[in-house]
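**Student:** One structure coming up, written as structure tokens, with questions to follow.
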Amino acid sequence: MTRDGNVRVIVADDQEIVRTGLTMILNAQADIEVVGEAATGQRAVELARRLRPDVCLFDIRMPGLDGIEATRLLAGPGVADPLAVVVITTFDLDEYVYAALRAGAKGFVLKDCGPALLAQAIHAAARGDALIAPNITTRLLKAFADAGPAAPARQPIDRLTDREEQVLAAVARGRTNIEISAELHITLSTVKTHIASLMAKLGARNRVEIAIWAYETDRVRGG
């Protein structure tokens, strides 16, 4: 972050009008500053490595190196000092969501999400939190419901505590850590501890996998 506390962001999208629009929306926030723009994934990676922004906002479909691969290079497994990446796209396809999260993305939002949710995703990523648009989480759960019977859900390594069950349900509903903190009247650090414990017990790599497990075990229904 800058000395005045602003979250530094780079924006990558191959459409100039979209880049300009995203930059205007983010710069209109009191505590977000766009410090670089890129039209290709390769340029985005170069900028990110040079500027070390707090958050990278990447479109998926870009010429040459796409947003998923750019995310993997900056935040994927094996990256020594990963950057926070939020993926933004027009296409709410499930395979895009999974690919982005596997590549190390901290968030996934749609281009029609609106300024408030976009800013929320940027702030969440800057804090080390993760935000996946609630409607996308719901879509994924519904897709599992529509798919019919599946293999039995894997069992947790250790039994979940009552509080972990509450946090699990909140994550499955698409709640952010701050929202979970407010709903359950616990501190933000406690929320993060519970989520880390859930990931360890369930063998989950991200919040969507936590949500899917919650559905598979009938703790939450897709809606």
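**Student:** Can residue 142 be described as of a type in the set (D, E, K, R) and either modelled with pLDDT of 90 or more or surrounded by 16 or more Cβ atoms within 10 Å (Cβ to Cβ) (or both)? Outline the logic, then answer.
**Tutor:** Details: of a type in the set (D, E, K, R): yes; either modelled with pLDDT of 90 or more or surrounded by 16 or more Cβ atoms within 10 Å (Cβ to Cβ) (or both): no.
For residue 142, the condition - of a type in the set (D, E, K, R) and either modelled with pLDDT of 90 or more or surrounded by 16 or more Cβ atoms within 10 Å (Cβ to Cβ) (or both) - is not met.
**Student:** Right, another one. Please go through the range 54-70 and pick out each residue that is modelled with pLDDT of 95 or more and β-branched (Val, Ile, Thr).
**Tutor:** 55, the sole residue that qualifies.
**Student:** Same structure again: Filter the range 62-75 down to the residues that are open to solvent by 10 Å² or more (accessible area, probe 1.4 Å) and either among the small types (Gly, Ala, Ser) or under 15 Å from residue 11 (Cβ atoms) (or both) and list them by number.
**Tutor:** Just the residues of the range 62-75 that are open to solvent by 10 Å² or more (accessible area, probe 1.4 Å), to begin with: 62-66, 68-69, 72-73, 75.
Of everything in the range 62-75, those that are open to solvent by 10 Å² or more (accessible area, probe 1.4 Å) and either among the small types (Gly, Ala, Ser) or under 15 Å from residue 11 (Cβ atoms) (or both) turn out to be 62, 64, 75.
**Student:** Please pick out the residue among 59, 13 that is charged (D, E, K, R), closer than 19 Å to residue 130 by Cα and either open to solvent by less than 70 Å² (accessible area, probe 1.4 Å) or touching a Lys or Arg at 6+ places or on another chain (Cβ under 8 Å) (or both).
**Tutor:** Result: 59 is the single residue among 59, 13 that is charged (D, E, K, R), closer than 19 Å to residue 130 by Cα and either open to solvent by less than 70 Å² (accessible area, probe 1.4 Å) or touching a Lys or Arg at 6+ places or on another chain (Cβ under 8 Å) (or both).
**Student:** Looking only at the range 51-65, which residues are farther than 17 Å from residue 110 by Cβ, over 17 Å from the mean Cα position of the chain (by Cα) and of a type outside the set (Gly, Ala, Ser)?
**Tutor:** Those that are farther than 17 Å from residue 110 by Cβ, over 17 Å from the mean Cα position of the chain (by Cα) and of a type outside the set (Gly, Ala, Ser): 51, 52, 63, 65.
**Student:** When you go through (1) at positive phi; (2) open to solvent by 40 Å² or more (accessible area, probe 1.4 Å) one by one for residue 5, which number turns out not to apply?
**Tutor:** (2)
**Student:** From the set of residues in the range 5-35 that are part of a helix (DSSP H, G or I) and polar (S, T, N, Q), which is farthest from the chain's Cα centre (by Cα)?
**Tutor:** Our first condition is that a residue be part of a helix (DSSP H, G or I); within the range 5-35, this holds for 16-27.
Subset that is polar (S, T, N, Q): 20, 23, 27.
Details: 20: 22, 23: 19, 27: 21 Å.
The residue in question is 20.
**Student:** So which helices (runs of 4 or more DSSP H) stay within the range 36-127 end to end and still have 2 or more residues that are in contact (Cβ under 8 Å) with a residue 12 or more places away in the chain, closer than 24 Å to residue 179 by Cα and not hydroxyl-bearing (Ser, Thr, Tyr)?
**Tutor:** 94-102, 115-126
**Student:** Could you tell me which residue of the range 164-207 is farthest from residue 76 (Cα to Cα), considering only residues that are open to solvent by 40 Å² or more (accessible area, probe 1.4 Å), outside any helix (DSSP H, G or I) and of a type outside the set (Lys, Arg)?
**Tutor:** That would be 185.
**Student:** Still on this model: Consider residue 158 carefully, then state whether it is more than 16 Å from residue 97 (Cβ to Cβ), surrounded by fewer than 15 Cβ atoms within 10 Å (Cβ to Cβ), at pLDDT below 90 and touching a helix residue (DSSP H, G or I) at 6+ places or on another chain (Cβ under 7 Å).
**Tutor:** yes
The values are calculated or read from the model by the stated rules, or taken from the named source; none is laboratory data. Nothing here was measured: the structure is a model prediction, and the numbers come from that model. Virtual Cβ from ideal backbone geometry, glycine too; neighbours counted across all protein chains shown. The protein model used for the area step is the full one, side chains on, heavy atoms only, and it has no ligands, DNA or RNA in it. Shrake-Rupley method; radii C 1.70, N 1.55, O 1.52, S 1.80 Å.
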